[in-house]
Amino acid sequence: MEGNLARLEHPKPQMKREQWQNLNGIWDFAFDFGSSGVERKFYERDGLDQKIQVPFCPESKLSGIGYQDFIPAVWYQRKIQLTAEQLKGRVRLHFGAVDYECHVWVNGQKAGTHKGGYVSFYFDITAHVREGENVLTVYAKDDTRSGKQCKGKQSSLYYSNGCDYTRTTGIWQTVWLEFMPDSYIEKVYFYPNIAESIVTIRALTVGEGILSAEVFYAGECCGNAQTKVCAGNATLTIPLSSLHLWEAGHGRLYDVKFAFEKDCVESYFGMREIRLDGEHFLINGKPVFQRLVLDQGFYPEGIYTAPSDEALQQDIKLSMNAGFNGARLHQKIFEERFLYHCDRMGYLVWGEQGNWGLDYSRPDGVKCFLPEWMEALDRDFNHPAIIGWCPFNETWDYEGRKQDDELLTIVYRMTKLFDSTRPCIDTSGNFHVITDIYDLHDYEQNPTIFAASYEEFAKGGPLTDRRQERQTPVKGIPVFISEYGGIKWDINSENCDSWGYGDSPQTADEYIARYKGLTDVLLDNPHMFGFCYTQLYDVEQEVNGLYTYDRKPKMDIEIFRKINSREAAIEK
């Protein structure tokens with residue numbers, strides 16, 4: 001196995017301390033096909049029988065293993081050295097994401113358990129570590145066919161098929177240690193007020209002391225404040241001497257330096273506000289047509305994990321080069337580094353959970369879904385790039401049973417209770433129960449028929465919904481087509497297993513004409529605030545991307561940039 005270090009960048013740019021240690025690289029590894037490792041006390045072993053490159057899942061090529069059959073459970077182990085200086089305060093062991101149920105031992109002692117395959121979590125391991133050598137052992141259970149966990153686009157069949165792809169098991173994001181003083185900042189939340197040119201900061205702390213915050217823009221201090229914290233909660237309101245708006249294409253970020261006793265944390269925020277006004281979706285008080293593309297966050301050699309930080313940035317650049325100003329981050333909660341680059345580059349994104357695989361037809365689905373979703377909301381609240389939440393996508397009948405409407409209602413209401421600053425779509429496409437925005441998925445390939453479906457709506461009439469037997473369009477709220485196109489175009493003509501929507505065009509000119517015809521319908525509709533084209537790049541056998549799976553353009557991208565970026569009717 002080559003190398004022993006991968007993905008070295010700090011995984012949490014919005015809560016960055018200098019004292020941290022990246023644990024990516026070569027770990028000991030073992031399959032546990034009988035899920036019997038706990039009973040056999042693997043956590044007491046000195047080493048495991050294989051090696052793996054963390055943070056890449058064992059199904060991936062970059063892991064050094066590449067095993068793609070179903071994996072019920074896996075084990076990881078690594079030895080680390082800690083100094084007396086590192087042990088003076090608190091020690092946290094962080095995981096970017098582990099799919100799905102994670103158990104951790106430190107020096108043979110149980111340190112914690114977490115359920116949820118998409119979100120970040122940590123364990124305070126201060127009581128378990130010692131100066132010198134320490135042994136970390138991780139156990140991950142994963143059952144994509146249980147109906148009790150979200151799997152997103154991971155295939156439930158042996159082979160990747162249709163719009164489901166290779167699975168991910170175990171660790172798939174950065175593992176790292178963080179060293180903190182005994183009094184520290186736990187969380188911060190930013191609330192911009194553009195009209196008053198102020199930012200309000202709500203902070204949670206452990207311990208008592210003075211909390212201070214300095215705000216900088218392009219290196220120049222433009223505001224500061226401090227307050228005494230006695231009960232773990234603090235609020236700071238900081239007037240900004242210069243106002244720079246975060247907007248599509250311009251990620252104008254403010255840097256923040258926090259100090260609390262001996263704890264120092266670096267963060268950032270964007271001055272961006274969202275408001276719905278009738279059928280209009282306003283960003284900083286202005287209608288901005290959302291030219292979105294579906295991004296599924298898959299990589300040929302890393303599957304769920306980007307091979308490098310540069311690869312994360314490149315996907316955003318590829319999208320913007322094609323004339324898109326944002327993306328639906330589809331059936332997956334993306335890693336924080338990707339969202340950081342969206343923030344920097346002014347790239348609009350919708351946050352979505354990978355709800356497929358969950359049995360959302362039963363009321364107890366709420367306990368399998370809601371805890372992880374609330375963790376995602378909490379983790380990603382401060383990202384200005386996230387302009388809306390979408391907990392569910394296409395809640396088709398599960399084994400013949402309809403969705404539990406109460407589940408969707410509870411999740412929607414909890415989302416709004418936690419975050420009143422963003423709109424929430426209950427379930428994208430179908431089947432809506434309670435939603436701030438009415439969206440549809442429409443893969444009609446004939447532009448003439450596609451246009452006829454929305455002609456009456458474009459003239460101010462009712463919206464035509466082909467699934468009106470299960471959902472009724474809500475009048476007076478924003479509307480967009482959040483999935484369309486999906487035009488099949490396989491540049492490898494010998495690939496008989498390729499998949500896409502509808503019949504593939506016979507020529508490149510036919511492809512471009514279809515793309516333009518479908519897209520023009522949405523750009524020219526004065527009652528649509530955006531679109532989302534399926535999709536940015538191919539994923540395995542699904543070949544409806546503008547780019548191939550290895551991110552090569554299938555045609556001249558400038559053609560699509562011109563089609564996508566022209567002025568929309570709602571912007572006039």
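The values are calculated or read from the model by the stated rules, or taken from the named source; none is laboratory data. These figures come from a predicted structure and were not determined experimentally. Virtual Cβ from ideal backbone geometry, glycine too; neighbours counted across all protein chains shown. Just so you know, the surface numbers come from the protein's heavy atoms only, side chains and all, with ligands and any DNA or RNA stripped out. Shrake-Rupley method; radii C 1.70, N 1.55, O 1.52, S 1.80 Å.
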Considering (1) surrounded by 23 or more Cβ atoms within 10 Å (Cβ to Cβ); (2) over 24 Å from Ala306 (Cβ atoms), say which one Thr169 fails and leave the rest. (2)
Could you list all residues from the stretch 52-69 that are in contact (Cβ under 8 Å) with a residue 12 or more places away in the chain and within 24 Å of the chain's Cα centre (by Cα)? Gln53, Val54, Pro55, Phe56, Cys57, Pro58, Glu59, Ser60, Lys61, Leu62, Gln68
Got at least one residue in the stretch 473-483 being part of a loop (DSSP other than H, G, I, E, B), at pLDDT below 95 and of a type in the set (A, V, I, L, M)? yes
Going by the conditions given, is Tyr412 hydroxyl-bearing (Ser, Thr, Tyr) and either in contact (Cβ under 8 Å) with a residue 60 or more places away in the chain or open to solvent by 60 Å² or more (accessible area, probe 1.4 Å) (or both)? no
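Among what's in the stretch 446-462 and is part of a loop (DSSP other than H, G, I, E, B) and either touching a Leu at 6+ places or on another chain (Cβ under 8 Å) or open to solvent by 50 Å² or more (accessible area, probe 1.4 Å) (or both), pick the residue that is farthest from Leu276 (Cα to Cα). Lay out the reasoning, then the answer.
Initially, the stretch 446-462 is screened for residues part of a loop (DSSP other than H, G, I, E, B), giving 446, 454, 459-462.
Now narrow it down to the ones that are either touching a Leu at 6+ places or on another chain (Cβ under 8 Å) or open to solvent by 50 Å² or more (accessible area, probe 1.4 Å) (or both): 446, 454, 459-460, 462.
Working: Asn446: 32, Tyr454: 22, Lys459: 21, Gly460: 18, Pro462: 20 Å.
The residue in question is Asn446.
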Say we look at the stretch 358-382 and pick out the residues that are part of a loop (DSSP other than H, G, I, E, B) and surrounded by fewer than 23 Cβ atoms within 10 Å (Cβ to Cβ); which of these is nearest to the chain's Cα centre (by Cα)? Phe381
Within the stretch 500-514, does at least one residue satisfy the condition of being open to solvent by 40 Å² or more (accessible area, probe 1.4 Å), over 29 Å from Asp465 (Cα atoms) and in contact with a strand residue (DSSP E or B) (Cβ under 9 Å, 6 or more places away or on another chain)? no
Scanning the stretch 88-100 for residues that are farther than 17 Å from Asp182 by Cβ and either surrounded by fewer than 18 Cβ atoms within 10 Å (Cβ to Cβ) or of a type in the set (A, V, I, L, M) (or both) gives Leu93, Ala97, Val98
Flag for Arg337 being open to solvent by 10 Å² or more (accessible area, probe 1.4 Å), over 24 Å from Lys151 (Cβ atoms), basic (Lys, Arg) and touching a residue at least 24 places away in the same chain (Cβ under 8 Å): no
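Restricting to the stretch 522-537, give me the number of residues that are assigned to a loop (DSSP other than H, G, I, E, B) and either farther than 16 Å from His330 by Cα or open to solvent by 10 Å² or more (accessible area, probe 1.4 Å) (or both).
Here is the first cut: in the stretch 522-537, the residues assigned to a loop (DSSP other than H, G, I, E, B) are 524-529, 535-536.
Of the ones still in play, those that are also either farther than 16 Å from His330 by Cα or open to solvent by 10 Å² or more (accessible area, probe 1.4 Å) (or both) are 524-529.
Going through the stretch 522-537 one residue at a time, the tally reaches 6.
Condition check ((1) assigned to a strand (DSSP E or B); (2) farther than 16 Å from Ile194 by Cβ) across all residues:
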position	(1), (2)
Thr205	yes, yes
Thr235	yes, yes
Ser242	no, no
Ser267	yes, yes
Arg275	yes, no
Leu282	yes, no
Glu301	no, yes
Pro307	no, yes
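Quick check on Arg328: is it assigned to a helix (DSSP H, G or I), out of contact with any helix residue (DSSP H, G or I) (no Cβ under 8 Å at 6 or more places or on another chain), closer than 24 Å to Ile557 by Cα and among the basic types (Lys, Arg)? It would help to see each step written out before you state the result.
On the way: assigned to a helix (DSSP H, G or I): no; out of contact with any helix residue (DSSP H, G or I) (no Cβ under 8 Å at 6 or more places or on another chain): yes; closer than 24 Å to Ile557 by Cα: yes; among the basic types (Lys, Arg): yes.
So Arg328 does not fit the description; no.
So if I check each of Glu85, Glu44, which one is open to solvent by 10 Å² or more (accessible area, probe 1.4 Å), over 26 Å from Ser183 (Cβ atoms), modelled with pLDDT of 95 or more and more than 32 Å from the chain's Cα centre (by Cα)? Can you show your working first?
On the way: Glu85 fails: over 26 Å from Ser183 (Cβ atoms).
Glu44 is the lone residue from the list that is open to solvent by 10 Å² or more (accessible area, probe 1.4 Å), over 26 Å from Ser183 (Cβ atoms), modelled with pLDDT of 95 or more and more than 32 Å from the chain's Cα centre (by Cα).
One line per residue, one yes/no per condition, for (1) part of a loop (DSSP other than H, G, I, E, B); (2) surrounded by 17 or more Cβ atoms within 10 Å (Cβ to Cβ); (3) without any contact (Cβ under 8 Å) to a residue 60 or more places away in the chain; (4) of a type outside the set (Ser, Thr, Tyr):
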residue: Lys79; (1), (2), (3), (4): no, no, yes, yes
residue: Cys102; (1), (2), (3), (4): no, yes, yes, yes
residue: Glu133; (1), (2), (3), (4): no, no, yes, yes
residue: Leu157; (1), (2), (3), (4): yes, no, yes, yes
Among the residues of the stretch 471-502, the number that are within 17 Å of Asn430 (Cα to Cα), free of Cβ contacts under 8 Å to residues at least 60 places away in the same chain and among the charged types (D, E, K, R) is 1
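Using the structure shown, decide if Asp28 is acidic (Asp, Glu) and either outside any strand (DSSP E or B) or without any contact (Cβ under 8 Å) to a residue 24 or more places away in the chain (or both).
Details: acidic (Asp, Glu): yes; either outside any strand (DSSP E or B) or without any contact (Cβ under 8 Å) to a residue 24 or more places away in the chain (or both): no.
It is false that Asp28 is acidic (Asp, Glu) and either outside any strand (DSSP E or B) or without any contact (Cβ under 8 Å) to a residue 24 or more places away in the chain (or both).
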By residue number, the members of the stretch 135-155 that are open to solvent by 10 Å² or more (accessible area, probe 1.4 Å), among the hydrophobic types (A, V, I, L, M, F, W, C) and outside any strand (DSSP E or B) are none
Filter the stretch 422-444 down to residues that are out of contact with any Phe, Trp or Tyr (no Cβ under 7 Å at 6 or more places or on another chain), touching a residue at least 60 places away in the same chain (Cβ under 8 Å) and surrounded by fewer than 21 Cβ atoms within 10 Å (Cβ to Cβ), then give me how many there are. 1
Conditions: (1) open to solvent by 30 Å² or more (accessible area, probe 1.4 Å); (2) in a loop (DSSP other than H, G, I, E, B). Pro11 meets all but one. Number of the miss? (1)
List the number of the failed condition for Ser565; all other conditions in (1) surrounded by fewer than 21 Cβ atoms within 10 Å (Cβ to Cβ); (2) closer than 30 Å to Asp164 by Cβ hold. (2)
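Any chance the stretch 537-551 includes a residue that's more than 24 Å from the chain's Cα centre (by Cα) and among the aliphatic types (A, V, I, L, M)?
Kept after step one, since they are more than 24 Å from the chain's Cα centre (by Cα), are these residues of the stretch 537-551: none.
No, that holds for no residue.
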